Amino acid sequence: MCGIVGYIGNKSADSVLLVGLERLEYRGYDSAGIAVIDQRGLEIRKQAGKLKVLNKHLKENPIAANTNAGIGHTRWATHGEPTTKNAHPHTDEAKKFAVVHNGIIENYQALKDSLIKEGYKFSSQTDTEVIPHMLAKYYKGSLEGAVQEVIKHLEGSYALAIISEHHPDKVIAVRFGSPLIIGKGKGENFIASDIPALFNLTKSIYYLDDGDIAVLAKDKIKFLNCSGKKIEKKEKHLKIKDKKIDKSGFKHYMLKEINEQPAVVKKIISKHLKNGHAIFDKLNLTKDYLAKVSRIIIQAAGTSWHAGLVGKFFIEEFTRVHTEVDISSEFRYRNPVIEGDTLLIAISQSGETADTIAGIREAKSKFIKVLAVCNNVESTIARESDAVIDISAGPEIGVASTKAYVAQLVSLLLFAIYLGKIKWTLEDKKVSALINEIKKLPEKIKKTLADQKLLKKLAKEYSEAKNVIFLARSYNYPTAFEGALKLKEISYIHSTGYQAGEFKHGPIALVDKHVPIICIVTKGDIYLKMISNIQEVKARKGVIISIATEKDEEIKKHSDRVIYVPETTDILTPIINIIPLQLLAYYIAVSRGCDVDQPRNLAKSVTVE
Ligand code: F6R
């Protein structure tokens, strides 16, 4: 969640930190701050609000010293409101130690109570502030020594970057449970919670593991374990290209990313469809192993969980392997039954979602293999899994996931076809018909994106709605869930998705003439069942907006409005049907004047439980 950067070298630390923070702002944007250090001491600037507020504050209150070392932070609040006082970096009373933190110190209250009893004075409501006070308490001349002593007392998860006025020539990084990377430069070294902060700075990196401490000087990096013993870490060379990330003329990243979907799908297809076959030749799971898999558990969070719900349809239909889908935060704590030939699939755009990582660890502790379906092959999830499917969506900056969702669906679809072939559960004729349709998806998505007039008009009409309901059945009920999530997260309108057949078992009580009900009713096996469900709602005066297959005239009789999408095979419809729902959410949020790319209370990468 929170973004962390650290720097030591010959450049001006504050400028390096601010560039890094800008690239990490998707991790949290409640408040931001930096601490820099030179021979004269520690200087701190922090502000509530987005990074631009800190930038303005720094212009008005420039850092006096020409400093070459510092740490920075962009916050997603856990303990304490997003105020300037609660913003990081936090310091001890004498301002000798400054700390930025990502994670949660679960026993902070007990630590704080005992520090207060000893006379330490706190100035924030955060869990983090115990750390600089404890550094002051345990400091006996060695910063590394104090850090080792402090972490003995911490429970929970943390990635920390620390500087001290006593040691202007060092920056320290510590990891336990929250991701942290060290970048090695020439005469300069870096700390970052995520790779984008290091774009254009260095390609040589070290991943910290739990319990690792890194001591950075300008031209040296020393690694210690939590008891202070020197350890060797393997240097890795980043293969990903430095990416120029901009809006390419679009008003928001979200709109840009929605429009990138035809190209993303095309890329995945060209990677995994060869000579009429689904190919995963670089997958680190043998065909012999996959042939034996008798059960699959998918675990993921949020939008990725919705992708998993669709993935279950793909996998069960094409492979007949029993597949369950779990929300990561539930899976990890319910002592799941996991037997020998079970494969765990972890889906994650960021690859850093704490709950999903914990689910992977739970599965690995039960000795089963884990396949990550991920958009970040350098992430913790990708590194901790036995095999990875890179969904190749490219960096997703808008907090609301769009292109990564569609990329997850297409990747799961092709993997299911691949597995179906291995298990002999898919006939060649069926495969070639499917593949023919899959190849047409990029064009069909493009067509869906081509005319946005009606969606813009509907967005204006419904921008003041208090509640919006999304209904669908079968392959598309997860589309209803995802449509509702997109709308609520960026427009703050309450919205919920239901399986249309389940609606009459209670939620139908919500229907009246003020509630827009978005029904996904594209052609397929359950089309007529869906029409019956729509009629039940219509009879209660619900306002029906249908997402229907082009040329379906019948649907007009049952709907107040119809949004048409191109026809495709029933099982592929979730890949197209989500597109108008993404756009509708986007335009409604824009009409309401919401901050589409950085909605309130959210962060792109959820690295705390
Ligand atoms: C919603 C959204 C979130 C994420 C969820 C999991 O638009 O983006 O619901 O899907 O936080 O994140 P990842 O996929 O990074 O594990």
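Overview of results
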item	result
Helices (runs of 4 or more DSSP H) contained in segment 278-351 and holding at least 1 residues within 16 Å of the ligand (Cβ to nearest atom) and hydroxyl-bearing (Ser, Thr, Tyr)	302-319, 328-331
Residue in segment 365-380 that is modelled with the lowest pLDDT, counting only those that are β-branched (Val, Ile, Thr), touching a helix residue (DSSP H, G or I) at 6+ places or on another chain (Cβ under 6 Å) and closer than 22 Å to residue 210 by Cβ	380
Lone qualifier among 218, 312 - being among the charged types (D, E, K, R) and touching a residue at least 60 places away in the same chain (Cβ under 8 Å)	218
Hits in segment 441-452 (condition: exposed (fewer than 14 other Cβ atoms within 10 Å of the Cβ) and either under 28 Å from the mean Cα position of the chain (by Cα) or modelled with pLDDT of 95 or more (or both))	443, 450
Residue within segment 537-554 that is small (Gly, Ala, Ser) and surrounded by fewer than 20 Cβ atoms within 10 Å (Cβ to Cβ) present	yes
Single residue of segment 576-587 satisfying the filter (out of contact with any strand residue (DSSP E or B) (no Cβ under 8 Å at 6 or more places or on another chain) and crowded, with 24+ Cβ neighbours inside 10 Å) that is nearest to residue 51 (Cα to Cα)	586
Output for segment 389-416, where each listed residue is crowded, with 24+ Cβ neighbours inside 10 Å and of a type in the set (Val, Ile, Thr)	389, 391, 402, 406, 410
Close pairs from segment 584-609: first closer than 30 Å to residue 519 by Cβ and within 11 Å of the ligand (Cβ to nearest atom), partner in a loop (DSSP other than H, G, I, E, B) and of a type in the set (Val, Ile, Thr), Cβ under 7 Å, at least 6 apart	599/399; 602/399
Selection status of residue 492, open to solvent by 10 Å² or more (accessible area, probe 1.4 Å), within 16 Å of the ligand (Cβ to nearest atom) and of a type in the set (Phe, Trp, Tyr)	yes
Residue, most open to solvent (accessible area, probe 1.4 Å), within segment 365-384, restricted to residues that are within 13 Å of the ligand (Cβ to nearest atom) and farther than 20 Å from residue 578 by Cα	376
Pick from segment 430-488, criterion of a type in the set (S, T, N, Q) and touching a strand residue (DSSP E or B) at 6+ places or on another chain (Cβ under 8 Å), ranking: nearest to the ligand (Cβ to nearest atom)	479
For residue 30: the one exception among (1) surrounded by 21 or more Cβ atoms within 10 Å (Cβ to Cβ); (2) out of contact with any Gly (no Cβ under 9 Å at 6 or more places or on another chain); (3) acidic (Asp, Glu)	(2)
Filter pass, residue 270 being away from the ligand (no atom under 11 Å from the Cβ), among the hydroxyl-bearing types (Ser, Thr, Tyr) and open to solvent by 20 Å² or more (accessible area, probe 1.4 Å)	yes
Output for segment 588-609, where each listed residue is assigned to a helix (DSSP H, G or I) and open to solvent by less than 30 Å² (accessible area, probe 1.4 Å)	588, 589
Pair list, Cβ under 8 Å, 6 or more apart: segment 329-356 residue within 25 Å of residue 287 (Cβ to Cβ), other residue basic (Lys, Arg) and open to solvent by 10 Å² or more (accessible area, probe 1.4 Å)	338/366; 339/295; 341/292; 341/295; 342/295; 343/295; 343/369; 344/369
Flag if residue 51 is open to solvent by less than 30 Å² (accessible area, probe 1.4 Å) and at pLDDT below 95	yes
Selected residue [surrounded by fewer than 18 Cβ atoms within 10 Å (Cβ to Cβ), out of contact with any strand residue (DSSP E or B) (no Cβ under 7 Å at 6 or more places or on another chain), at pLDDT 95 or above and among the aliphatic types (A, V, I, L, M)] from 278, 291	291
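Residues checked against (1) closer than 21 Å to residue 542 by Cα; (2) touching a residue at least 12 places away in the same chain (Cβ under 8 Å); (3) of a type in the set (Lys, Arg):
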residue: 449; (1), (2), (3): no, yes, no
residue: 462; (1), (2), (3): yes, yes, no
residue: 469; (1), (2), (3): yes, yes, no
residue: 474; (1), (2), (3): no, yes, no
residue: 488; (1), (2), (3): yes, no, yes
residue: 502; (1), (2), (3): yes, no, no
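The values are calculated or read from the model by the stated rules, or taken from the named source; none is laboratory data. The structure presented is a predicted model; accordingly, all values stated were derived computationally and were not measured. Heads up, the Cβs are rebuilt from the backbone with ideal geometry, glycines too, and the neighbour counts pull from every protein chain shown. All accessible areas refer to the heavy atoms of the entire protein, side chains included, with ligands and DNA or RNA removed. Shrake-Rupley method; radii C 1.70, N 1.55, O 1.52, S 1.80 Å.
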